[in-house]
Each structure stands twice: as structure tokens, then as C-alpha cells.
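Here the structure is laid out as C-alpha cells; the discussion comes afterwards.
The values are calculated or read from the model by the stated rules, or taken from the named source; none is laboratory data. None of the values given here were measured: they were computed from a predicted structure. Every residue, glycine as well, gets a Cβ built from its backbone with ideal geometry; the counts of neighbours run over all protein chains shown. Ligands, DNA and RNA are excluded from the accessible area calculation, which covers all protein heavy atoms including side chains. Shrake-Rupley method; radii C 1.70, N 1.55, O 1.52, S 1.80 Å.
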Amino acid sequence: QVQLVESGGGLVQAGGSLRLSCAASGSIFSISTMGWYRQAPGKQRESVAFITPGGSTNYADSVKGRFTISRDNAKNTVHLQMNSLKPEDTAVYYCNAKSYGAGMNYWGKGTLVTVSS
């Protein structure tokens with residue numbers, strides 16, 4: 001099994017920045033792509049950013065140019081640097097990890113990001 005623990009969420013004013021972190025433990029050898037999803041109240045969960053083991057990234061159009069995803073394979077962590085935050089970024093952010101082989105998905109419990117006007 002893989003356990004994911006997010007940290008770094010909180011309250012920030014519009015235009016500010018936050019850095020989210022996700023620490024993976026357990027069967028970390030099975031982890032391939034990692035990423036961040038978010039879910040706002042009354043909305044469906046949406047993908048924010050992905051990063052492959054080799055460092056290739058992709059972003060949702062809504063965050064491109066403002067957010068940066070990175071990972072440290074040696075430390076089994078993934079980060080999301082969020083700049084120029086907008087109130088519409090307010091959501092619970094979930095760390096996600098996909099496994100090799102069977103393609104199992106692992107999820108963290110989430111960390112709340114609130115961006116005030």
C-alpha cells in the first residue's frame with residue numbers, strides 16, 4: 001500500500017502564494033505518475049497538475065503559468081507551488097499517485113486552500 005499525506009494548505013489573500021507538499025510512504029516503488037486534484041464545494045473533482053517519474057509535467061489551463069509541480073524521487077515527495085492565487089482556486093487539494101502494473105490510484109486525505117478576495 002501507499003500512503004499520501006498532504007500539507008501546506010491554509011488561508012491566503014488573492015495574489016498570494018502557497019506551497020503544497022505531499023509525502024508518500026509504504027510501497028513507494030510502485031508509484032509512477034503523481035499529481036494534484038482539487039474539489040470545490042458543489043463541483044466535481046478536477047485534475048490540476050501531473051508529473052511523471054522523469055519530470056514531464058502538464059497543467060490544467062486554469063492554472064498554467066501560475067502553478068508549478070515538482071517532485072523529489074529520493075525523498076518520495078511532490079510539491080505544488082501556487083502563485084498569483086485567485087478566489088476561484090479555493091478548494092480541497094488532493095495528492096494523487098498512480099501505480100505501475102495494475103494502475104491503482106492512491107489518494108491523500110486532502111488539504112484545504114482558501115483564497116480570500
Notebook entry, point to check: Which semi-axis lengths, in whole Å and largest first, follow from the square roots of five times the eigenvalues of the Cα gyration tensor of the chain?
Noted result: 24, 14, 13
Check: At a probe size of 1.4 Å, how large is the accessible area of Val78, to the nearest 10 Å²?
Finding: 0
Next item on the list: State the number of lysine pairs found in the stretch 63-117 whose Cα atoms come within less than 21 Å, restricting to pairs 8 or more positions apart or on distinct chains.
Entry: 4
Notebook entry, point to check: Which percent of the accessible heavy-atom area of the stretch 1-82 goes to carbon and sulfur, probe 1.4 angstrom?
Noted result: 49
Notebook entry, point to check: Averaged per residue, what accessible surface does the stretch 3-83 expose to a 1.4 Å probe, in Å²?
Noted result: 52
Notebook entry, point to check: If you place +1 on the Cβ of every Lys and Arg and -1 on the Cβ of every Asp and Glu, how big does the dipole about the Cα centre of the stretch 33-111 come out, in debye to the nearest 20?
Noted result: 100
